[in-house]
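Report on the following structure.
Bear in mind that the values in this text are calculations on the coordinates, not laboratory data. Not measured: the values here are computed from a predicted model. As a convention, Cβ positions derive from the backbone with ideal geometry for all residues, glycine included, and neighbour counts pool all protein chains shown.
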Amino acid sequence: MRVAVAGGGPGGLFFATLLRRAAPSAEVTVFERNRADDTFGFGVVFSDRTLAGIHEADPVLRQALTEHGRHWDEIEVRLKGERIRCGGNGMAAVVRRTLLALMQARARDVGAELRFGYEVALDDLAGYDLVVAADGTGSKIREQLEADLGIEVETATAKFIWFGTDHLFDGLTFVHERSPDGVFAVHGYPISNEVSTFIVETDEVSWRHAGLDEFDVTRPPGESDLISKAYLEKLFTDQIDGKRLLVNNSRWGNFRTRRTRRWHALAPPGGSGQAVALLGDAVHTAHFSVGSGTKMAMEDAVALSRALTAHPGDLPAALAEYEAAAQPSVRKIQDSARPSLAWWEHFGRYHDEFEPWQFAYHFLSRSITDSRLARRDPGFVAAGHRGWVSTHGAEPLDTPFARGGWSTSGRLVTVVTADGVPVRVDDLPLSDEPRPGPWGARVAAPASEDGLPGVFARLNALAGLQPVLVAVHGGTALTRTLVCEQARMHDRLPALLVDAGDREGAADRAVTTVLSGRADLVGVPA
């Protein structure tokens, strides 16, 4: 079998290595558009919990992280002069250029051919039995196949730019600053003994107000935005001890989450009959705050090589098995990445609303619950509970709530529903319109984030009608949360989140929701 791999990043190189090891008779050629020592970005980061399958498949990544990488266990959140740490988050990072050099050598050692300076499309690869598109988020091959793959793309509202710095962070560090122009935040982590990655995020209003929208992003790759570099270097100078920011194709963008229903095509047009499989960013993306892009590409490589060796000579069966094996874990990561990305789209609100302890808890619980976070670092969670108790005098779910003549002894309440619609919380009636006496407004969260503006307009109208609370139901877990936060933090309406999950974990989710400030109360259907 003759296999062409378009893209010499970690996913493409790892696949070439694994297939040559498993099937030495296969002819594998990797085509990379850049030179061997070119690379954009600075470092790649991996969670300890995600590496078992990759290490089992081949030792090249373990070697890179052991001999050249940096490892840490704690995440640090910096806000308003405080530094808060949470342990139990084992991670490791390595310089991307170093990782690629080791993976290139490994691929050559097992007999793969590497060709640099070649940007290929399907019509350049006639004669190959299989084309593996590992050519990144701007994949030319995916563009040729888009109509047949079922692609959905969501573009985030937050802006981001990728730098390095010669300041060495201790580990994964999140820094949040408000300048006269708006809010800016950093993801920083060490990738060697000399350099850290330094990713900055902000909202579009802050970005424009700071005058950072002047760089022409249509310029050819390689040129960096030096105006933004100077601005951010000055803004974060105390956080990096006056050190420099380092550029490498550093320019602002909006993260695009790509979901794709089919990851392969058999005999696509323009390809002279060969089959195509896609892996990594060419076929799916997840926000970098969950640190999984390279890891997902390498896991795709494991799944694809295994499927091909399990079905020699039967590409339809192999590619179907590849999708079945690889897609579920990617969907899971993307589902957990969406709340994380949403957090970065709204972090300015949280910066202004919360004390540092609650801000850190809100941030670190964006994808996991109180009990899971406590297993990682019981001291961090205990400090969050102490912060709540010092303000409210009781644990979150034992804290009384009172407003507008109605009260309840705790924050986890029972919701009575009719045909799936909440109609009463304890003795408080819920309705769509005002009624005599204490009442709660009923608000349905939208099925997708596209529907949020209409719901937010309704919350704004409700603010003048003085309901005791807003009971938010329906929608998705994310849209319910965003509606509750809009009610609490913008319209100053107490929010009750109607939990649609299983009852077994309801108390844990309720503690997380209340302690993080996402809602004032949580309702469980009777």
Check your understanding: What is the set of long-range amide H partners of Val5 at a cut-off below 5 Å, with H atoms built 1.01 Å from backbone N?
Key -> Thr29, Val30, Phe31, Val132
Study note, to complete from the structure: Taking N as the number of residues in the stretch 392-525, the ratio of its alpha carbon radius of gyration to 2.2 N^0.38 Å works out to 0.95
Check your understanding: Using the alpha-carbon centroid of each, what span in Å lies between the stretch 248-262 and the stretch 140-184?
Key -> 7 Å
Review point. Under 20 Å from a point 7 Å along the Cα-to-Cβ line of Phe456: which residues of the stretch 199-239 have their amide N that close?
Key: 201-210
Study note, to complete from the structure: Over the chain, the sum of -39500 (n - 2.57) across DSSP H runs of at least four, divided by residue number and rounded to 500 deg cm²/dmol, gives at 222 nm -11000 deg cm²/dmol
**Study point:** Charge-dipole axis of the chain as Lys and Arg at +1 and Asp and Glu at -1 on Cβ define it, positive-most pick from Trp263, Val195, Val131
**Key:** Val195
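What is the percent of Cα-Cα separations in the stretch 267-417 that go past 19 Å? Mind showing how you got there, number by number?
Details: 7900 of 11325 pairs.
It works out to 70 percent of all Cα pairs.
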Exercise for review: Would you mind counting up the charge near Leu102? Only other residues with Cβ under 14 Å from its Cβ, with Lys and Arg at +1 and Asp and Glu at -1.
Suggested key: +1
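Under a point-charge model restricted to the Cβ atoms of Lys and Arg (+1) and Asp and Glu (-1), what is the dipole moment magnitude of the stretch 2-343 relative to its Cα centre, in debye to the nearest 20?
Working: 38 positive and 47 negative charges, 68 e Å.
Its charge dipole is roughly 320 debye.
How much FRET efficiency would the formula 1/(1 + (r/R0)^6) give for Ala22 and Ile368, where r is the Cβ-Cβ distance and R0 is 35 Å, rounded to 0.05?
Details: r = 36 Å, r/R0 = 1.02.
The value I calculate is 0.45.
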Review point. So, in nm, how far is label Ala477 from label Arg62 when the simple model puts each one 7 Å beyond its Cα toward the Cβ?
Key: 3.3 nm
Revision key, fill the gap. Whole-Hz Karplus couplings 3J(HN,Hα) for the stretch 480-491, θ = phi - 60° and coefficients 6.51, -1.76, 1.60, Gly and Pro as x, run 4, 5, 5, 5, 4, 5, 5, 4, 6, 8, 10, 9
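Based on the inverse mean of 1/r over its pairs of different Cα atoms, what is the Kirkwood hydrodynamic radius of the stretch 155-311, in Å?
Working: mean 1/r = 0.0558 Å⁻¹.
Over the stretch 155-311, the inverse of the mean reciprocal pair distance is 17.9 Å.
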Check your understanding: What is the spin-label model distance, in nm, from Asp170 to Ser336 if the labels are put 7 Å beyond Cα along the C-beta direction?
Key -> 2.5 nm
Point to revise | By average C-beta atoms within 10 angstrom, highest first, the peptides 63-76, 277-290, 221-234, 158-171 | key: 277-290, 158-171, 63-76, 221-234
Check your understanding: How large is ³J(HN,Hα), in whole Hz, for each residue of the stretch 143-157 in order, when computed from phi with the Karplus curve 6.51 cos²θ - 1.76 cosθ + 1.60 and θ = phi - 60°, using x for Gly and Pro?
Key -> 4, 6, 10, 3, 4, 9, 9, x, 9, 10, 10, 10, 9, 6, 7
Point to revise | For the stretch 1-113, with +1 on Lys and Arg beta carbons and -1 on Asp and Glu, the positive-most of Gln104, Leu79, Gly43 along the dipole | key: Leu79
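Residues with beta-carbon under 11 Å from that of Gly43, excluding Gly43: net charge, scoring Lys, Arg +1 and Asp, Glu -1? Intermediate values should be presented prior to the final figure.
On the way: positive: Arg70, Arg96, Arg97; negative: none.
Local charge sum for Gly43: +3.
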**Study point:** On Cα atoms only, tilt of 506-515 relative to the major axis of the chain in degrees
**Key:** 80 degrees
Review point. Within the stretch 350-384, whose backbone N sits under 17 Å from a point 7 Å along Cα→Cβ of Arg492?
Key: 352-354
Review point. Where nothing but the Cβ of Lys and Arg (+1) and of Asp and Glu (-1) is charged, how large is the charge dipole of the stretch 392-525 around its Cα centre, in debye to the nearest 20?
Key: 300 debye
Study note, to complete from the structure: Note, His68: beta-carbon cut-off 15 Å, +1 each Lys/Arg, -1 each Asp/Glu, net +3
**Study point:** Long-range HN-HN contacts of Leu430 with modeled amide H, under 5 Å
**Key:** Arg424, Val425, Gly440
Study note, to complete from the structure: Computed ³J(HN,Hα) along the stretch 307-322: with the Karplus parameters 6.51/-1.76/1.60, θ = phi - 60°, integer Hz and x for glycine or proline, the list is 5, 5, 6, 6, 10, x, x, 10, 5, x, 5, 5, 6, 5, 5, 4
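May I ask you to compute the full-extension gain from Glu214 to Asp508, defined as 0.36 nm times their residue separation minus their alpha-carbon distance, rounded to one decimal in nm?
Stretched out fully, the Glu214 to Asp508 stretch lengthens by 101.2 nm.
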Practice item. Set the Förster distance to 35 Å, then compute FRET efficiency between Asn254 and Ala447 from the Cβ-Cβ distance, nearest 0.05. Key: 0.95
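I want the antiparallel fraction of DSSP beta bridges within the stretch 2-343, as a percent rounded to 5. Walk me through the numbers on the way to the answer.
Working: 45 of 67 bridges.
Of the beta bridges lying entirely in the stretch 2-343, close to 65 percent run antiparallel.
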Review point. Using 7 Å Cα-to-Cβ label points, what is the Arg83/Asp148 separation (nm, one decimal)?
Key: 5.5 nm
Review point. Taking 0.36 nm per intervening residue step and subtracting the Cα-Cα distance, what contour gain separates Phe116 from Ala101 on full extension?
Key: 4.1 nm
Review point. Taking Cα centroids, how far is the stretch 197-243 from the stretch 404-427 in Å?
Key: 48 Å
Revision key, fill the gap. At R0 = 25 Å the Cβ-Cβ FRET efficiency linking Phe40 and Thr155, nearest 0.05, sits at 0.80
